[in-house]
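Read the structure below first, then the notes.
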Amino acid sequence: MESQHDAIDGHLLPLKPAVLLILTALAEKPRHGYAIMLAVRQQSGGRVELGTSHLYRNLKKLLDQGLVSPSSQTDEEDPRRRYYQLSELGRRVLRAEMRRLQDILKLGRNLGILDPAEAAR
């Protein structure tokens with residue numbers, strides 16, 4: 001099921017669910033740690049609650065891999081807050097992962113595991 005988009009960043013795929021949600025939270029705008037945790041909770045409909053240590057462990061890996069970078073954005077209320085943003089590589093990896101998941105849903109429809117209306121949601 002490998003395609004061109006997997007070959008670009010294949011060593012980074014598939015993403016773990018928490019990492020996928022962190023990158024998705026940062027795709028919208030730069031965020032600090034607590035804002036990332038809130039966005040992940042909201043995106044997952046409350047099904048995923050990242051603990052602080054889990055979030056920062058993942059952020060360190062994402063920084064090391066070049067998928068996330070520090071943002072120059074600051075917070076007037078709390079200047080100690082560090083903001084993170086999605087890097088260009090992170091955006092490409094996120095796009096490739098979304099396409100990979102889309103391919104899996106298509107396979108589910110083709111095999112009759114998912115009905116087309118259900119897979120479109």
Some residue of the stretch 65-85 being assigned to a helix (DSSP H, G or I), surrounded by fewer than 16 Cβ atoms within 10 Å (Cβ to Cβ) and modelled with pLDDT of 95 or more: no
R109 part of a helix (DSSP H, G or I) and within 15 Å of the chain's Cα centre (by Cα): no
Hits in the stretch 9-42 - residues which are within 13 Å of the chain's Cα centre (by Cα) and farther than 21 Å from R82 by Cβ: L12, L13, P14, L15, K16, P17, L20
Residues being of a type in the set (S, T, N, Q) and in contact with an Asp or Glu (Cβ under 7 Å, 6 or more places away or on another chain) - total across the stretch 62-121: 0
Pairs with Cβ under 8 Å, 6+ apart, first in the stretch 103-121 and open to solvent by 80 Å² or more (accessible area, probe 1.4 Å), second at pLDDT below 90 and assigned to a helix (DSSP H, G or I): K106/A119; R109/P116; R109/A119
Helices (runs of 4 or more DSSP H) fully within the stretch 1-56 counting 3 or more residues that are open to solvent by 30 Å² or more (accessible area, probe 1.4 Å) and at pLDDT 95 or above: 17-28, 33-43
Qualifying positions in the stretch 43-55 - under 14 Å from the mean Cα position of the chain (by Cα) and over 17 Å from P17 (Cβ atoms): none
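The values are calculated or read from the model by the stated rules, or taken from the named source; none is laboratory data. These numbers were taken from a predicted model, which means no experiment stands behind them. Counting neighbours? That spans all protein chains shown, and the Cβs are built from the backbone with ideal geometry, glycine included. The accessibility values were calculated without ligands, DNA or RNA, using every heavy atom of the protein model including side chains. Shrake-Rupley method; radii C 1.70, N 1.55, O 1.52, S 1.80 Å.
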